[in-house]
Amino acid sequence: MPRHVQLLAVVLLVAGTPACGRSSEASRAARAAQTARSPVFGGTCASQLDCSLNGDCVGGRCHCDAAWAAAPQCDVLAIEPMDVSTGYHNATYASWGGNVVFADGLYHLFVAQMELHCPLHNWGSNSAIIRATSTKPNGPFVYQQTIVAPFAHNPTIRQAPDGTFVLFFIGGAPSTPVNCSGNSTFSVGVSSSIAVAWASSVTGPWQQARVNFTNPSAILAGGFTNPSPHFLPNGTVVLAFQAQPPGKGWELVGIATADSFQGPYVLNSGEPVTPEAWWCVAGQDEDPFLWRSHRGWHVLMHGMCPTGVLQAHYAFSTDAIHWTTSPRETYPYLVQTTSGKAETFARVERPQLVFGKANKGWVACLTGQRREKGGVSGNLVIRQAEPVSTAKTSCSRQAPRRRPSL
């Protein structure tokens, strides 16, 4: 396999290296202790809150939506086997993350792709956002055009209530891509603040602006990245994002609101979705995906405490201000494929959901995929899922510890 597709997670953190000697099991135990005093996750229910806002409380027991039926408190996704033949596979370019929108009879994937045949660890200089299309929500997708030239990374696409296509991402400032046709050069360091682009057509032309926050807090102070918007019917946008305290590399997730997608955004709370803890030297969460159901607010996140390994977090709220984070990992890391083989994955990042019409059903769960040493990574794999009310959801995975049979 070509060397040009490698993993962003290698840049962020070496998989399997616990921080401060704490294991992932110890971290989960500590998070469980933090929530044990709450009736939520207590085994019985008195309301939908005790069912993680993913089910109904009937007779003291949670009746979970099918997509969340893998745990009694409806906080663990019921994952179907992964079809490795679907998604976006480019033999010569690395890709990362992405999301899909349906328009003009096609499914349009917006995904980060590394220019000039560079591996994923050159994302800080070579990442661009491209559009690829398919007749199916799970692909395979075929490249169509570059939407935003380097530097642009971690895109997520939505359609606003007025029909405008809105693309949130990080970057937006021009960079000089590294040419990796010969020996690749590690390159990270481009400013990665949040930007937004919009167009009346999914093919463009696109206008672009920087996203601003009016009231940073002492904890959510700077380093704003990795946006995930949810549009309300009146055009108001509630935005999940990643931020850091001053002088610290912690990854924390916050929530803000603006009257329009261009902002400015005002923090709903000065506190992160998951409170920081002393042993979480890398922070708590990153890569949020935010959505709202008829029961309340939800966010999926790649966990960072203590290392980002085997961490998949889910949090919920009735008001997008006060949040409860599940003490369990919200999806497994031993994944069955449709071929009958199983793969164990070290890390899962950039979780993204695609919804059906009017947000009534999940169409897919998206993330980047990568291989460990000697392999390839960054190719997006997605799977179709049934509506959330009738079937389990399907997620792709990244970072297998051993090379899968693709």
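The values are calculated or read from the model by the stated rules, or taken from the named source; none is laboratory data. Quantities reported herein were computed from a predicted structural model and do not represent experimental measurements. Cβ coordinates were reconstructed from backbone atoms using ideal geometry, including for glycine residues, and neighbour counts include every protein chain displayed. Ligands, DNA and RNA are stripped out before the accessible areas are found, and what is left, the full protein with its side chains, is counted by its heavy atoms. Shrake-Rupley method; radii C 1.70, N 1.55, O 1.52, S 1.80 Å.
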- Item | Peptide ranges 306-315, 266-275, 228-237 listed from the most packed, as the mean C-beta count within 10 angstrom indicates | 306-315, 266-275, 228-237
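Just to verify a number: FRET efficiency for Ala173 and Lys341, C-beta to C-beta distance, R0 = 56 Å, to 0.05?
On the way: r = 43 Å, r/R0 = 0.76.
The value I calculate is 0.85.
How large, in percent, is the carbon and sulfur part of the accessible surface of the stretch 208-330 at a probe radius of 1.4 Å?
Working: 2160 of 4030 Å².
Carbon plus sulfur share of accessible area: 54 percent.
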- How large is ³J(HN,Hα) for each residue in the stretch 210-217, as worked out from phi by the Karplus curve 6.51 cos²θ - 1.76 cosθ + 1.60 (θ = phi - 60°), to whole Hz, x for Gly and Pro? 8, 9, 10, 10, 8, 9, x, 9
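What is the Cα radius of gyration of the stretch 195-314 over 2.2 N^0.38 Å, N being its residue count?
On the way: Rg = 14.9 Å, N = 120, 2.2 N^0.38 = 13.6 Å.
Output field value: 1.10.
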- Task: With no solvent and one equal point scatterer placed on each C-alpha of the stretch 252-359, evaluate the Debye formula and give log10 I(q)/I(0) for q = 0.11 Å⁻¹, two decimals.
- Result: -0.41
- FRET E, pair Gln144, Val281, Förster distance 56 Å, beta-carbon r, rounded to 0.05: 0.85
- Task: Return one whole number: the accessible area per residue of the stretch 214-272 in Å², for a 1.4 Å probe.
- Result: 36
- Could you tell me the distance between the Cα centroids of the stretch 227-279 and the stretch 113-132, to the nearest Å? 26
- Order the peptides 55-64, 87-96 from the highest to the lowest mean number of other Cβ atoms within 10 Å of their residues. 87-96, 55-64
